[in-house]
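Have a look at the structure below, then the notes.
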Amino acid sequence: MSKKDDFKEIIEQAKINHQYNKKTIVFLDEIHRRNKAQQDSLLPYVEKGVITLIGATTENPSFTINNALLSRCRLFVFEKISEEDIS
């Protein structure tokens, strides 16, 4: 999702999918780079189940992701696998 028109197109298709009980997954890499307004624009679609949002970040989500959006998501923390875990 790089351009506003791209986002609108994705959401319109997601709304159609939702009417037919189909799921739409939206993956946002580096979600922490989206400003508050951009993050806020996702809220109604996440709340209504129109999209399933997967956001990836290298930053602490508590500081970089909108609290309203964060409260509607599950947080998974991935950590580096140790050499012990591999062997």
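Angle of helix 36-47 to the longest C-alpha principal axis of the chain, folded into 0 to 90 degrees and rounded to 10: 80°.
The sum of -39500 (n - 2.57) across all DSSP H runs of n ≥ 4, divided by the residue count of the chain, sets its helix-only mean residue ellipticity at 222 nm to -12500 deg cm²/dmol.
Calculated from the structure at hand, Cα Rg over 2.2 N^0.38 Å is found among (1) 1.26; (2) 1.09; (3) 1.55 as (1).
For Ser71, neighbours were defined as the other residues whose beta-carbon sits under 15 Å from its Cβ, and their charges (Lys and Arg +1, Asp and Glu -1) total +1.
List the longest stretch of the chain that has no exposed loop site; here a site is one of the chymotrypsin sites (Phe, Trp or Tyr not before Pro) assigned by DSSP to anything other than H, G, I, E or B, with at most 16 other Cβ within 10 Å.
Values: sites that count: Tyr20, Phe76, Phe78.
Counting only loop sites that pass the neighbour cut-off, the longest clear stretch is 21-75.
For the chain, the longest principal axis of the C-alpha atoms and the axis of helix 4-19 are separated by about 80°. Taking the Cα centre of the stretch 1-73 as reference, the dipole from Cβ charges on Lys and Arg (+1) and Asp and Glu (-1) amounts to some 180 debye. Ordering Val77, His18, Gln38 by Cα displacement along the dipole of the stretch 4-79 toward the positive end leaves His18 in first place; charges were set at the Cβ atoms of Lys, Arg (+1) and Asp, Glu (-1). Multiplying the residue separation of Leu70 and Ile86 by 0.36 nm and subtracting their alpha-carbon distance yields 2.6 nm. Please enumerate, by chain and number, the lysines with C-alpha under 22 Å from the C-alpha of Lys4, excluding those fewer than 8 residues away in the same chain. Once the sequence-local lysines are set aside, what remains near Lys4 is Lys15, Lys23, Lys36, Lys48.
Measuring r between the beta carbons of Ala37 and Thr58 and using R0 = 25 Å, the FRET efficiency lands at 0.70.
Read the figures in this text as sums done on the coordinates, not as results from a lab. What you see is a predicted model, and the numbers here were worked out from it, not measured in a lab. Positions of Cβ are backbone-derived with ideal geometry, glycine not excepted, and every protein chain shown enters the neighbour counts.
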